[in-house]
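Just so it is clear, none of the values below were taken in a lab; they were calculated from the coordinates. Remember, predicted model here, so these are calculated numbers, not experimental data. Glycine also receives a Cβ, built like all others from the backbone with ideal geometry; neighbour counts cover every protein chain displayed.
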Amino acid sequence: MGGTPVTASVEELLGLAIRHVNAGQRDRARVLCEQAVLSHPPHPAISQLLALLALQDGDAAASADLCAASLALRPGHPPTLLLAGDAARALGRLSKAAECYGQVTRLLPERADAWFLLSLVRHDLRDLAGAAQALRQVLRLAPGHVEAEVNLGVVLQDSGEIDEAMRAYGRAYRLREDSFGRIAHALSAANVGRLWLDLGELRAALRAMPA
């Protein structure tokens, strides 16, 4: 391991492991983390980094276990909670994912990314009101978030609020015209939508929608 001393502190091993991750050398990073596990008491950041590496390797179950170990030592740590939410989502444990993302939004209510992740899981859980509320928080914090505007339109459309959905779609389209394909697909695919035979007319309608 490039001469890494056996007596290296956990902080030294962690620092080297992070450098290897940043350099794209994940296998080397993993070996350093495993060295830290063998030679030092349990450390929350080592478990967190191993959880990240496991999730990147597609082992969501191992990642979830490592997140739990990390959070047992460092409860309420937002980056680990986000990672735990990602692992739970990958495993289809949507309620657990919502719980993790929700904790982050309570700890750090200005984190637009956490609100966005929470909105995705709430939508998957068919909590349409909760998903809309989370997306509006995203847009309050990041007003130009096009994907949040489109998703808000989808959620409102699923809720039967087609006029409000069209306003959200209009905002998204005016912000970025390449959102048009997803908007057109959503309008035609959902149970509650509007059929546009002339896509030019739809583009014109989106441009004319009030904010």
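Rounded to whole Å, give me the distance from the Cα center of region 106-120 to that of region 20-68. First find each Cα centre; the distance between them is then 25 Å. Couplings 3J(HN,Hα) of region 121-131, computed from phi: 5, 4, 5, 4, 7, 6, 8, 5, 5, x, 5 Hz, in residue order, whole Hz [Karplus 6.51 cos²θ - 1.76 cosθ + 1.60, θ = phi - 60°; x for Gly and Pro].
From most to least packed by mean Cβ count within 10 Å, the peptides 16-28, 76-88 give 76-88, 16-28. Within the listed set D198, D57, D178, the residue fluctuating most in the Gaussian network model of the chain (springs between alpha-carbon atoms under 10 angstrom) is D198.
At 1.306 mPa s and 10 °C, plugging the Kirkwood radius over alpha-carbon pairs of the chain into Stokes-Einstein gives what diffusion coefficient in µm²/s?
Numbers: Rh = 19.3 Å.
Value of D from the Cα-based Kirkwood radius: 82 µm²/s.
Taking 4 °C and 1.567 mPa s as conditions, region 131-211 diffuses translationally at an estimated 105 µm²/s according to Stokes-Einstein applied to its Kirkwood radius (Cα pairs).
Kindly provide log₁₀ I(q)/I(0) values, in the same order as q = 0.14, 0.15, 0.25 Å⁻¹, from the Debye equation applied to equal alpha-carbon scatterers of region 88-161. Summing over Cα pairs of region 88-161 leads to -0.38, -0.44, -1.11.
Overall, the chain carries a charge dipole of about 280 debye about its Cα centre when +1 sits on the Cβ of Lys and Arg and -1 on the Cβ of Asp and Glu, all other atoms neutral.
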